[in-house]
Ligand SMILES: [Zn+2]
Ligand SMILES: [Zn+2]
């Protein structure tokens, strides 16, 4: 397994979509196709990757709006936490109806409910439940990478004042990052990426003492 990660910034909110792929087998998965941007499919097709699933760090529209296109093109499922599933399939829950173009994912989904390892050969991922920004937010640890969605950014954290937030749970969620190794690369849902050592140095919200 030689895991590589390609970041593609998509949509009006400049969401980070990540394509993680194994150079040996060409197997791939997509984290948060946040907008149907042709750059996502083009990258996958250009180097002949074989996507096997999509995973959403949470159900916000700017992280799921490209699920439909990618899932149907490759006939692959979307993995999302059970608590955020309504946002994927109910336009009244993801604000898309409010903005004029109701969106509901019509493909296959698989729910995540609980922490631990998910095996999607050849990938072995560790799911960390990190409620706060949304109540069904997850972070995904795989190889040398942590996909932290809108829970953890390099120098701040996600907002927790939204109707679907769980503000009381954010502090506990951030504590779960305590044992992340310094050299793990954090790939957040927006803005830059960086090593966890850099996040710990710059992010005043992380307090492991
Ligand atoms: Zn969000
Ligand atoms: Zn976001």
What do you reckon, is residue 88 touching a helix residue (DSSP H, G or I) at 6+ places or on another chain (Cβ under 9 Å) and more than 19 Å from residue 162 (Cα to Cα)? no
Which condition does residue 133 not pass, out of (1) touching a residue at least 24 places away in the same chain (Cβ under 8 Å); (2) surrounded by 20 or more Cβ atoms within 10 Å (Cβ to Cβ); (3) more than 15 Å from ligand 2 (Cβ to nearest atom), if it passes all the others? (3)
When (1) out of contact with any helix residue (DSSP H, G or I) (no Cβ under 8 Å at 6 or more places or on another chain); (2) at pLDDT below 95; (3) within 14 Å of ligand 1 (Cβ to nearest atom) are applied to residue 94, the one that fails is (1)
How about the stretch 60-118: which helices (runs of 4 or more DSSP H) wholly inside it have at least 3 residues that are buried (at least 20 other Cβ atoms within 10 Å of the Cβ) and within 15 Å of ligand 2 (Cβ to nearest atom)? 61-64
Can you run down the residue pairs with Cβ atoms below 7 Å, 6 or more apart or on separate chains, where the first is in the stretch 85-111 and at negative phi and the partner is surrounded by fewer than 16 Cβ atoms within 10 Å (Cβ to Cβ) and assigned to a helix (DSSP H, G or I)? 93/86; 107/72; 111/82
Looking only at the stretch 37-59, filter to residues that are more than 16 Å from ligand 2 (Cβ to nearest atom) and in a loop (DSSP other than H, G, I, E, B); which one of those is farthest from residue 120 (Cα to Cα)? 47
Every residue in the stretch 135-166 that is within 16 Å of ligand 1 (Cβ to nearest atom) and under 12 Å from the mean Cα position of the chain (by Cα), please. 136, 137, 138, 139, 140, 147, 148, 149, 150, 151, 152
Evaluate the following for residue 76: is it under 17 Å from residue 5 (Cβ atoms) and in contact with a strand residue (DSSP E or B) (Cβ under 8 Å, 6 or more places away or on another chain)? no
All conditions in (1) within 15 Å of ligand 2 (Cβ to nearest atom); (2) in a loop (DSSP other than H, G, I, E, B) are true of residue 147 except (2)
Just to verify a result, which residue in the stretch 21-33, among those that are under 22 Å from residue 80 (Cβ atoms) and in contact (Cβ under 8 Å) with a residue 60 or more places away in the chain, is surrounded by the fewest Cβ atoms within 10 Å (Cβ to Cβ)? 27
When you check residue 192 against the structure, is it within 17 Å of the chain's Cα centre (by Cα), part of a loop (DSSP other than H, G, I, E, B) and under 26 Å from residue 23 (Cβ atoms), yes or no? yes
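The values are calculated or read from the model by the stated rules, or taken from the named source; none is laboratory data. These numbers were taken from a predicted model, which means no experiment stands behind them. Heads up, the Cβs are rebuilt from the backbone with ideal geometry, glycines too, and the neighbour counts pull from every protein chain shown.
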